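Peer 1: Here it is, the structure, as structure tokens.
None of the figures in this text is laboratory data; all of them are computed from the coordinates on show. On a predicted model such as this, the values are computed, not experimentally measured, just so you know. FYI the Cβ positions are ideal-geometry reconstructions off the backbone, even for glycines, and counts take in every protein chain you see.
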Amino acid sequence: MTDLSQPVAQPVVGIQPDNPDAVPPPLWLLAELTYRCPLHCAFCYNPLDYTDHSRELSTAQWIDVLRDARALGAVQLGFSGGEPLVRDDVEVLVEEAHKLGFYTNLITSGVGLTDKRLDDLKAAGLDHIQLSFQDSTQQLNDFLSSTRTFDLKQRVATSIKQHGFPMVLNCVLHRYNLPHVDKIIEMALAMGAEYLELANTQYYGWAHANEAQLMPTREQLEEAEAVVARYRRTHGERCKIFFVVPDYFENRPKRCMNGWGAVFLGVAPDGAALPCHAARGLPGLVLPNVKETPLREIWYESDAFNRFRGLKWLKEPCRSCEEKERDLGGCRCQAYMLTGDAANADPVCDKSPFHESVVKIVQRAASASASTCAGTAAPREQPILFRNDANSRKLASEAREPGGSGGSGGSGAKP
Ligand code: SF4
Ligand code: SF4
């Protein structure tokens, strides 16, 4: 197993084909303003032990992050969380980002997005809003978020359009709501969304803990894909629909984050800098913090951002693979969660010696589907683990015990 606590000897290999030694600047900054959230989604991508990282950066510290990231070259900025609107300084940060020349996107559950805040965000220069729904039905939306928020989200969607914002509707897909894809698309069309992101669940964080509950069957995915293709043909001009098949159903991995340390720079609520959303789950990877290290140094020189950058770190079978420049060996977090070693080939790849673990997960989902009824409670023997502070504290404390999983979403190799 690769020891991530040891720094790499040779830093920095970029992935620009014409200049492989150059490190590109970050293009996309994700500011995770807080882990606080009024919702309790079963698929939340926040770390399981988020309660251990709850000390948030101040407004002034976030403004420094925005300035430093823009100076590095970042142009796209997402404000997310948790629910970013639980902070009362989002308008101040949007105003600063707008002055700096960022294209800004607010990623929200809708809770807290009042007309007054929409007015203020418009005045501050916010460009775009991404509103999440859990389903097209109140029953499932409220069940999966463990809150009564469906009606509120509908009202917020109307207000977003009345304020003239371009809107992305986002819905995370899984076994429960894949059969409703047509209704979800109809809902997005009725709301006037310019974009609909049908984001098949990525199995990190809380989704990983609930994988047995959420994993769909291949038939469900194929049916949903056919529905999406039909709507694209008939309504593609009105609403652009994104639908990405989850990795587990492919034979080759995706180029995760478009390359580690190549495009994406995340900053967590406590200031930890993240090469990918789920990097906190990789044991031994020491994440630099913007409170202690300048952002430029973090991006270009830190071990965390250089560890899986480019191609030089690849192990076999990726090292000698003729496809390596296409996918860069896939997702590091998936490799860790399913093989116990983040430097292994992503086991989604059928050239990986661990590919069987992915096949087994998909087979398990197929056999479990008979015993699970969409829209109702999950099988009794393994109830859904909702994302909330009590569960997070419990998991964090278990992870601190000798032999614990690390607590941020990874759980080591599976049988
Ligand atoms: S996924 Fe749900 S619980 Fe997690 S941050 Fe988003 S709205 Fe909150
Ligand atoms: S062996 Fe590695 S580089 Fe080759 S296709 Fe599979 S994951 Fe990609």
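Peer 1: Find the relative contact order for the range 188-320 and round it to a whole percent, using C-alpha pairs within less than 8 Å whose residues are 6+ positions apart. Working shown, then result.
Peer 2: Numbers: 116 pairs, mean separation 27.0, N = 133.
RCO, the range 188-320: 20 percent.
Peer 1: Another question, if that's okay. More than 17 Å apart: what percent of Cα pairs in the range 256-364 qualify?
Peer 2: Working: 3170 of 5886 pairs.
Value for the range 256-364: 54 percent of Cα pairs lie more than 17 Å apart.
Peer 1: Something else: Need the full-extension length gain, E316 to K116, defined as separation in residues times 0.36 nm minus the C-alpha distance. One decimal, nm. Numbers along the way, then the final one.
Peer 2: On the way: separation 200, 0.36 × 200 = 72.00 nm, distance 5.56 nm.
Extra length from E316 to K116 when fully extended: 66.4 nm.
Peer 1: While we're looking at this one, here's another question. Which values, in whole Å and largest first, are the semi-axes of the equivalent ellipsoid of the range 92-179 obtained as the square root of 5 times each eigenvalue of the Cα gyration tensor?
Peer 2: Calculated on Cα positions only, the semi-axes equal 27, 13, 10 Å.
Peer 1: Which pairs in the list K183/K360; K315/K351; K312/K351; K254/K312 are over 24 Å apart, alpha-carbon to alpha-carbon? Provide the component values of the computation, followed by the final result.
Peer 2: Numbers: K183/K360 31 Å; K315/K351 13 Å; K312/K351 19 Å; K254/K312 18 Å.
Distance filter (> 24 Å) returns K183/K360.
Peer 1: While we're here: Could you line up R332, R296 from fewest to most neighbouring Cβ atoms inside 10 Å?
Peer 2: Working: R332 28, R296 13.
So the ranking, lowest neighbour count to highest, is R296, R332.
Peer 1: Computed on alpha carbon atoms, what radius of gyration and Dmax characterise the range 116-249, expressed in Å?
Peer 2: 15.3, 47
Peer 1: Another question, if that's okay. Please state, as a whole number in µm²/s, the translational diffusion coefficient that the Stokes-Einstein equation yields for the range 216-262 at 10 °C and 1.306 mPa s, with Rh defined as the Kirkwood radius across alpha carbon pairs. Please report the intermediate quantities before stating the final value.
Peer 2: On the way: Rh = 12.7 Å.
My calculation gives 126 µm²/s for D.
Peer 1: Then there is this: Measuring from centroid to centroid over Cα atoms, what is the spacing of the range 81-136 and the range 314-332 in Å?
Peer 2: 38 Å
Peer 1: Mind checking the alpha-carbon convex hull of the range 302-370 and giving the volume per residue in Å³?
Peer 2: Working: hull volume 6.4 nm³, N = 69.
About 93 Å³ per residue, rounded to a whole number.
Peer 1: Taking the DSSP beta bridges in the chain as the whole, what percent of them are antiparallel, to the nearest 5?
Peer 2: Values: 4 of 37 bridges.
In the chain, approximately 10 percent of DSSP beta bridges are antiparallel ones.
Peer 1: Still on this structure, please answer the following. For S58, S146, S320, what ranking results if the residue with the fewest other Cβ atoms within 10 Å of its Cβ goes first?
Peer 2: On the way: S58 11, S146 16, S320 8.
Ordered from fewest to most neighbouring Cβ atoms within 10 Å, S58, S146, S320 come out as S320, S58, S146.
Peer 1: Return a whole-number percent for the relative contact order of the chain, with Cα pairs under 8 Å and 6 or more residues apart as the contact set.
Peer 2: On the way: 823 pairs, mean separation 90.3, N = 415.
Once normalised by length, the contact order is 22 percent.
Peer 1: Then there is this: Sort largest first and round to whole Å: the equivalent ellipsoid semi-axes of the range 185-226, each the square root of five times a Cα gyration tensor eigenvalue.
Peer 2: Values: eigenvalues 119, 44, 11 Å².
One finds semi-axes of 24, 15, 7 Å for the range 185-226.
Peer 1: Mind checking the full-extension length gain between E237 and R148? Use 0.36 nm per residue of separation minus the Cα-Cα distance, one decimal, nm.
Peer 2: Details: separation 89, 0.36 × 89 = 32.04 nm, distance 3.28 nm.
That works out to 28.8 nm of additional length.
Peer 1: Next question. So what does log10 I(q)/I(0) come out to for the range 29-166 at q = 0.18, 0.20 Å⁻¹, using the Debye formula with one equal point on every Cα and no solvent?
Peer 2: -1.04, -1.23
Peer 1: Hey, another quick one. Cross-link partners among lysines for K99, C-alpha distance below 20 Å, same-chain residues fewer than 8 apart left out?
Peer 2: In chain and number order, the partners are K122.
Peer 1: Grab every C-alpha pair in the range 14-94, bin the distances at 10 angstrom width from 0 up to the longest one, and report whole percents.
Peer 2: Binned Cα distances yield the sequence 15, 40, 28, 14, 3.
Peer 1: Could you line up V75, V359 from fewest to most neighbouring Cβ atoms inside 10 Å? Intermediate values should be presented prior to the final figure.
Peer 2: Working: V75 15, V359 12.
Placing the least packed residue first, the sequence is V359, V75.
Peer 1: Still on this structure: Aspartates and glutamates within cross-link reach of K153: Cα-Cα under 12 Å, excluding same-chain residues under 8 positions apart?
Peer 2: Counting by Cα, and skipping residues close in sequence, K153 has these aspartates and glutamates nearby: D135, D142.
Peer 1: Compute the distribution of all C-alpha to C-alpha distances in the range 180-304, in bins of 10 Å from 0, and list the percent of pairs in each, rounded to whole numbers.
Peer 2: Going out from 0 Å in 10 Å bins, the range 180-304 shows 11, 31, 28, 22, 9, 0 percent.
Peer 1: Any chance you could list the semi-axes, whole Å, largest first, of the equivalent ellipsoid that the Cα gyration tensor gives for the chain, using √(5λ)?
Peer 2: On the way: eigenvalues 181, 157, 90 Å².
Each semi-axis is √(5λ); the values are 30, 28, 21 Å.
Peer 1: Just round it to a whole percent: the fraction of Cα-Cα distances in the range 166-209 exceeding 13 Å. Write down the numbers at each step before the final one.
Peer 2: Working: 532 of 946 pairs.
Looking at the range 166-209, the distances longer than 13 Å represent 56 percent of pairs.
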